[in-house]
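What follows is a single structure, written as structure tokens, with notes after it.
The values are calculated or read from the model by the stated rules, or taken from the named source; none is laboratory data. All values reported here derive from a predicted model rather than from experimental measurement. Keep in mind that these areas ignore ligands, DNA and RNA; they rest on the heavy atoms of the full protein, side chains included. Shrake-Rupley method; radii C 1.70, N 1.55, O 1.52, S 1.80 Å.
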Amino acid sequence: MKLASLKSGRDGQLVVVSDDLTRMVPAGDLAPSLQSALDNWAAVSGELEKLHERLHNGEIAGEPFEQSLCASPLPRAYHWADGSAYINHVELVRKARGAEVPESFYSDPLMYQGGSDTFLAPREPVTMPQSEGFGIDFEAEIAVITDDVPMGVSAEDALSHIKLVMLVNDVSLRGLIPAELAKGFGFYQSKPSSAFSPVCVTPEQLGENWREGKLHLPLVSHLNGEKFGEPNAGVDMTFHFGQLIAHAARTRPLCAGTIIGSGTVSNKLDNGPGKPVTEGGVGYSCIAEIRMIETIQNGSPSTPFMDFGNTIAIEMLDGEGQSIFGRIEQTVEQI
């Protein structure tokens with residue numbers, strides 16, 4: 001089943017979307033918004049599945065589906081926590097500044113709680129008051145949405161609480177991060193609003209590509225129209241989504257509609273840092289990663305961060321080249 005939220009009020013209008021992302025049917029009779037559906041998932045998910053099946057079989061003609069009319073599936077959420085499941089990315093960050101990765105990082109996930117009151121739409125610009133010194137960067141990631149998760153859930157049981165999967169551009173302001181972290185109190189200004197894919201998908205819809213709490217397909221990013229990365233999200237993922245959810249729920253329950261992110265998708269190459277797509281590698285899911293590799297290899301970075309007018313597009317295709325979640329496509333603009 002594929003679901004989306006059309007722009008409408010604060011929480012969007014829930015629609016069921018066809019597998020090929022061309023048609024939709026309103027689901028307001030079952031749930032006015034995705035959050036409402038998640039709050040009552042046991043009662044309404046079966047009926048939403050039936051609606052999806054009828055749309056798929058042509059029993060319902062539906063209406064044309066236009067991605068540009070979508071908000072993020074959850075335009076706002078009660079809880080958004082982003083992990084760092086790809087340790088290759090963390091290793092490069094540490095190596096670039098001459099530091100070792102603490103041993104605990106391989107058994108205990110990194111995670112921060114981000115702002116969830118305002119998410120950007122998948123085609124909405126990333127607006128900033130300035131670009132100089134901000135270090136504007138994208139981060140292409142996978143995210144899951146849960147139902148109610150009990151405190152202390154095991155990593156294995158946590159997998160059953162994943163109801164929907166989507167993509168995310170976790171916008172980061174690299175120039176502001178060091179000073180914030182130096183205060184010892186975490187991110188705030190350096191982590192502005194994120195944007196999610198137009199469509200979210202049930203794990204069952206993903207078939208064999210979803211297994212062991214991981215999504216085993218390339219995540220493709222285009223920076224200014226050029227392919228920047230296509231790492232496989234199921235490769236080199238140290239912590240699967242069940243482990244990330246269990247980590248988040250260790251000392252608190254998670255409410256329905258909680259979003260958990262994977263962190264920047266990052267693949268090794270021959271047990272070393274990756275290479276750009278143009279050099280036969282799978283590239284990168286953020287600019288910071290190639291800058292870290294440039295620092296390690298050349299002593300300083302040469303790839304610039306994003307500036308006004310730059311664009312980023314993030315998408316995932318199935319084995320037949322069909323977009324699964326739709327396309328995040330954003331331009332950086334001055335506010």
Checklist line | Full-extension gain in nm, Glu180 to Met151, via 0.36 nm per residue minus C-alpha separation | finding: 7.5 nm
Notebook entry, point to check: For region 163-225, with every protein chain kept in place, what is the accessible area per residue (1.4 Å probe, Å²)?
Noted result: 41
Note to self: If I ignore ligands, DNA and RNA and count only protein heavy atoms, how much of Lys2 is accessible to a 1.4 Å probe, in Å² to the nearest 10?
What the structure shows: 10
Item checked: region 312-325 - phi-based ³J(HN,Hα) in whole Hz, Karplus 6.51/-1.76/1.60, Gly and Pro as x -> 9, 10, 10, 7, 10, 10, 7, x, 9, x, 8, 5, 8, 10
Item checked: Rg to Rh, two decimals, where the chain supplies the alpha carbon set and Rh follows Kirkwood -> 0.95
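Using alpha carbon coordinates only, what is the Rg to Rh ratio of region 119-186, with Rh defined as the Kirkwood radius?
With Rg and the Kirkwood Rh in hand, the quotient comes to 1.10.
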Check: Quick one: Karplus J couplings for region 44-49, per residue in order, coefficients 6.51, -1.76, 1.60, θ = phi - 60°, nearest Hz, x for Gly and Pro?
Finding: 10, 4, x, 5, 5, 4
Check: Quick one: helix 287-298 against the long Cα principal axis of the chain, what's the angle to the nearest 10°, folded into 0 to 90?
Finding: 20
Next item on the list: Considering Cα pairs under 8 angstrom that are at least six residues apart, work out the relative contact order of the chain and quote it in whole percent.
Entry: 23
Margin query: Could you work out the relative contact order of region 164-259? I mean the mean sequence separation of Cα pairs under 8 Å and 6+ apart, divided by the number of residues, in percent.
Written below: 20
Check: Given the rule -39500 (n - 2.57) for each run of at least 4 DSSP H residues, summed and divided by the residues of the chain, what is its mean residue ellipticity at 222 nm, to the nearest 500 deg cm²/dmol?
Finding: -5500 deg cm²/dmol
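Let me know the whole percent of all Cα-Cα pairs from region 4-47 that are separated by more than 16 Å.
Counting every Cα pair in region 4-47, those more than 16 Å apart make up 33 percent.
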Next item on the list: Would you mind getting the accessible area per residue of region 1-116, heavy atoms of the protein chains only, 1.4 Å probe, in Å²?
Entry: 47
Checklist line | Value of D in µm² per second that Stokes-Einstein yields for region 182-248, Kirkwood Rh from Cα pairs, at 25 °C (0.890 mPa s) | finding: 165
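Between Gln322 and Ser8, what length comes free when the chain is fully extended (0.36 nm per residue of separation minus the Cα-Cα distance, one decimal in nm)?
110.3 nm
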Checklist line | Accessible carbon and sulfur surface of the chain relative to its total accessible area, %, 1.4 Å | finding: 47
Notebook entry, point to check: Helix 87-96 versus the longest principal axis of the chain: what angle, 0 to 90°, nearest 10, using Cα atoms?
Noted result: 30
Checklist line | Space enclosed by the convex hull of the alpha-carbon atoms of region 216-276, per residue, Å³ | finding: 118
Note to self: For region 266-335, compute Rg over Rh where Rg is the Cα radius of gyration and Rh is the Kirkwood radius from the inverse mean 1/r over Cα pairs.
What the structure shows: 1.04
